[in-house]
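Taken together, the values in this text are just the output of simple stated rules run on the coordinates, not laboratory data. Source: prediction; values computed, not measured. Virtual Cβ from ideal backbone geometry, glycine too; neighbours counted across all protein chains shown.
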Amino acid sequence: MTLALKELLYKMADDQLILGHRNSEWTGMGPLLEEDIAFSSMAQDKIGQSLALYTILQALGEQDPDTVAFTRNANQFHNCQLVELPNQEYDFSLIRHFLFDTAEALRFEMLTNSSYEPLAQLAKKIRGELRYHTLHANTWIKQLGSATPESTERLQKSLDYAMPFALGIFEPSPNEQELITTGIFEGEVALQKKWLAKVESVISQTKLTLPDLKSIKPELGGRKGIHTDHLQPLLDEMSEVFKIDPTAEW
Amino acid sequence: MYGGGNTFEGIKTDSIASEDPILLAAFEARIERGEKIEPTDWMPQLYRKQLIRMIEQHAHSEIIGALPEGTWITRAPGFKRKMSLMAKVQDEVGHAQLLYSAAETLGKPREKMIEDLINGKSKYSNIFNYPTFTWADCCFISWLVDAGAIVNQLANAKGSYGPYCRALDRICAEESFHLKYGHHCVIYLASGTAVQKQMFQEALNRWWPPMMHFFGPADKISAHTEVLMRWKVKMGTNDEMRNQFLDMYVPKIWELGFTIPDPNLKKDTETGKWNYTEPDWEEFKRVINGDGPCNKERLEVRRIAEERGKWVRDALKTSRQAYVSPLA
Amino acid sequence: MNSLDPRVERLPKVGEEGKINPKAPLDQFGTYEVFVEPKPGKPFQHEGAVHAPNLEMAYVLAKETFTRRFTCSSLYVCDTRDVFVSPMTEGEQSAYDLIDGTSIGEGKSEFEIYHLVKRGKQHIHAGSVNASDAKGAMLQAKATLNNGKLVYNIWTIQKDKIRFTSEEEKEYWITLPEKKFRDASDYKGGDKLKKFLEQKA
């Protein structure tokens, strides 16, 4: 049981950590001052949520959050590949934010009923944060998704590009059945179904078209430690200062 | 964060002579009573012009000031530092947001100010034209540049223009987090390993000259500073601010075992004033005029951010019939 | 660009170095005024303005611009043009003294009323009135909210022009008090400093 649970916690924590880092790159460079601030806050929330998850893992016998987050190599990370992709232009960052946060909010909503108490508690606690993240994402997508030809075209292109990676969020894990039977988590299949309904309902209010999922091959592997070439350089950056003097406290 | 040394335009004080003497007297009496000026009040053209200039420069310094520390945002060591630095750099952007609004109440649209920043028409604090080579440079800014900014901002918060004071009250409250965070980082470096200590000492050596420049050259008291001080636009001389900073922070730097790279730095116990080697004002001028190590990069990053964000803003813009500035 | 900032290194090449296309004079979003209730039972207070393309976006953007510290229980925004502003007074004169006319009584629209009681401070919520238009709301406020305390400026805002926070949305701020990393109080270096100074001595 612990193995399945740890798998779940690691992939969630790694997703939040890596996307939080990516989104933080926009700080001071956003498209509008107010949006710069909003996006930074949500990146901070993500890093904070990953810390909360690593702290639960520590209670289950894993190493402390700083060690786990800042010293592993890419092949030891279980995040989906979607979150490690470079930021590119704001259209992609927004689409990723929308696709990922919709899934994350639904995942935590499901976890409010988890039989694993620490996770259920965390899910209840951060509900408001996630509510804001999805309000933010949905509002932007609805606005830019039907504003000008340029904005809809940009969003459509990013949506088409991101979709195979987004499906990678729901990559099945070998021990998932245990989580379902013990009532810890309803599983990725159930999550993906809810996610798709939600994504469809927002996209249908725009001029965007959701790519036909049957024709898409999901980008899998992230959950097993297989990553794009973009992850390791990001991890090197994250640990650059630590590595100067591994004995030091910063 | 912001330093003194803001450049006020050469003023022809005789422009005041063309103002309505009754309105001018009422305006000056209000300031004399310690009451704030609000956006809808009558004010002399010169007051409006100089305030826009000062608040705008302050706002630019915040948005550009997000860049040198932002250099380390993906590399902050560990969860605690990462969260703090993200929030701190975010605050700088937030301060710019607040200050542009305050300047807007005087009638200059935000986009116009941003345009003037990028095309080099208006200035920002010189110190952000220097590079942050290491994590310790980033810590120096968080602690000491922000400390210097607080000295200035606390003084300016007692100024006469309501919207600027309100913005500064918020900003000073947030800066106290920056200062504490920065000091916390430096305490860890000071009490850490030899590598860490050396790292901060080197940062201090690099940043001390720009830190001394930060408050601007010694003021020559002229008719123009006199009127700006009477109107509570300028709240203290550059030398006063510099002295106050040295008084508060030199002992704290020494306490941590670091050496300030100025053999002449010493407090005169009789006058209470600090003596120091005269900063190189030629370099200050050179950097302000665009020839510093990072001027080009800072403006280029800002320009690229603007250009990349253009399609987002264009997509959602609706035509407004008339420009209204924010209320307060 | 050859930069120390890895983020800058990753920036794409855009446009021409040092060149920005001049913007048309009104080429920007409109402004929206932001009002915050810091705690249940405390009055709403004007906090500032955001630039936004519309009311809903203004709400989304106002939240982190103005409520990312301490506590917040509610927030609302309205277009700057929807705030009706009285003349500004000073000294011993109340802004209500400059509101002429007698109230024609209640109308069917609701208005929020804000007072400035000290120059240089924020406008604070004073109450709500029913009236038929903004001018009528000023007169209603004069009749019902003018308690003799000096008021230097009055704002009225029609309620249906406001984007309020719904009851369910109040959960946005649940974790806000825990975000201590944004507060000075979270950075106590005293113990470490003391130990360091003792060792040094």
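Here is how the numbers come out for the structure above:
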item	result
Mean Kyte hydropathy of -1.0 or more with a Cα span along the axis of at least 30 Å, helices from DSSP in chain B	B:45-70, B:78-104, B:162-190
Pair residue C:55, residue B:42: separation of 7 Å Cα→Cβ label points (nm)	3.8
Per-residue mean of C-beta atoms belonging to partner chains within 10 Å, peptide B:61-74	5
10 Å Cβ neighbours from other chains, averaged over peptide B:182-191	5
Of B:174, B:307, B:32, the one that fluctuates the most in a GNM where chain B has Cα springs shorter than 10 Å	B:307
Point-charge dipole on Cβ atoms (K/R +1, D/E -1) for chain A, about Cα centre, debye to 20	840
Projected label distance in nm at residue B:218 and residue B:15, using a 7 Å step from Cα toward the beta-carbon	2.9
Within a Gaussian network of chain A (alpha carbon springs, distance under 10 Å), most fluctuating of A:13, A:190, A:120	A:190
Per-pair calculated FRET efficiency, R0 = 56 Å: residue C:161 and residue B:291 via Cβ, rounded to 0.05	0.65
Low-density loop positions, trypsin sites (Lys or Arg not before Pro), the stretch B:141-214 - DSSP coil, at most 13 other Cβ in 10 Å	B:158
Under 5 Å, built H, 5+ apart or other chain: amide partners of residue B:274	B:268
For the stretch B:45-175, size of Cβ-based charge dipole, Lys and Arg +1, Asp and Glu -1, in debye	160
Between the stretch A:41-62 and the stretch B:111-156, the Cα center-to-center distance that results, in Å	33
Inter-probe distance in nm under a simple model that places probes 7 Å from Cα toward Cβ, at residue B:282 and residue C:13	3.7
Using a Förster distance of 60 Å, the FRET efficiency for residue A:75-residue B:239 (Cβ separation, nearest 0.05)	0.55
Shielding score for B:156-164, defined as the mean number of other chain Cβ atoms within 10 Å	2
R0 of 60 Å, Cβ-Cβ distance residue B:270-residue B:119: FRET efficiency to nearest 0.05	0.75
For peptides C:69-82, A:83-96, sequence by mean Cβ density within 10 Å, most packed first	A:83-96, C:69-82
Chain B shape via C-alpha gyration tensor axes, a/c threshold 1.5	oblate
Packing rank of B:146-155, A:160-169, C:185-194, where each peptide gets the mean count of other beta carbons within 10 Å, highest leading	B:146-155, A:160-169, C:185-194
Within a Gaussian network of chain B (alpha carbon springs, distance under 10 Å), most fluctuating of B:310, B:121, B:82	B:310
